[in-house]
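S.K.: Let me give you the structure first, and then I'll get to my questions.
Each value in this text was obtained by applying a stated rule to the coordinates, not by laboratory testing. Given the structure is predicted, the values throughout are model-derived calculations rather than measurements. Here the Cβ positions follow ideal geometry from the backbone for every residue, glycine too, while neighbour counts run over all protein chains shown.
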Amino acid sequence: MYKITATSNTNGSPEQVYSLWSQVGQWHQWDADVNASGLNHCFATGETGWIKPMKGPRLGFTLTSVVENQSFVTQSRLPLCLMEFDHQVGTESGTTLVTHQVQFTGLLSWLFYRLLGSEVETGLNKAVQNLCLMASTNQG
């Protein structure tokens, strides 16, 4: 298993962060690595969607967990590898803390981590920072 984690804080509330997360078609506004994305139905556990990265093919994903104003998890399947994106928001010491984590598991996880890991890490850090900035500027 291989993990990449990015964390940042915002003056925005967990509800504001969650609102940005749940607008799947707008992920490209805070994640520069996303060309386009969408949901087949609603933002809820068990629902499916798709994401088209700036580099690489369109991938399907499943929302394996959605907890309103707290978290959501997506899973995408690659050949002999599962990529899981875990998104968490909470408050700590009077600020809102946002953490995104990508985990590669499976027989070829080492290969996908080696091929994608560096770019994913750079993009993940930028995405979390952009998301936090957007949440803090969309207050009220």
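S.K.: Within region 84-98, is even one residue in contact (Cβ under 8 Å) with a residue 40 or more places away in the chain, surrounded by fewer than 19 Cβ atoms within 10 Å (Cβ to Cβ) and within 16 Å of the chain's Cα centre (by Cα)?
M.R.: Yes, some residue in region 84-98 is in contact (Cβ under 8 Å) with a residue 40 or more places away in the chain, surrounded by fewer than 19 Cβ atoms within 10 Å (Cβ to Cβ) and within 16 Å of the chain's Cα centre (by Cα).
S.K.: I'd like to check something: does region 30-39 contain any residue that is touching a residue at least 40 places away in the same chain (Cβ under 8 Å), under 21 Å from Thr95 (Cβ atoms) and in contact with a His (Cβ under 9 Å, 6 or more places away or on another chain)?
M.R.: no
Here is a yes/no grid of residues against (1) within 22 Å of Asn125 (Cβ to Cβ); (2) not aromatic (Phe, Trp, Tyr):
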site	(1), (2)
Leu20	yes, yes
Trp30	yes, no
His41	no, yes
Thr48	no, yes
Val102	yes, yes
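S.K.: With the requirement that a residue be closer than 19 Å to Gly117 by Cα and either of a type in the set (Val, Ile, Thr) or in contact with a Cys (Cβ under 6 Å, 6 or more places away or on another chain) (or both), what does region 36-82 give you?
M.R.: Once the filter is applied, which keeps residues that are closer than 19 Å to Gly117 by Cα and either of a type in the set (Val, Ile, Thr) or in contact with a Cys (Cβ under 6 Å, 6 or more places away or on another chain) (or both), region 36-82 yields Ile51, Val73, Thr74.
S.K.: Starting from residues that are in contact with a strand residue (DSSP E or B) (Cβ under 8 Å, 6 or more places away or on another chain) and part of a loop (DSSP other than H, G, I, E, B), keep the ones in region 3-40 and report whichever is surrounded by the fewest Cβ atoms within 10 Å (Cβ to Cβ).
M.R.: That would be Asn40.
S.K.: Residue by residue through region 57-83, note down the ones that are surrounded by fewer than 14 Cβ atoms within 10 Å (Cβ to Cβ) and either at positive phi or not in a strand (DSSP E or B) (or both).
M.R.: Passing the criteria: Pro57, Arg58, Glu68, Pro79, Leu80.
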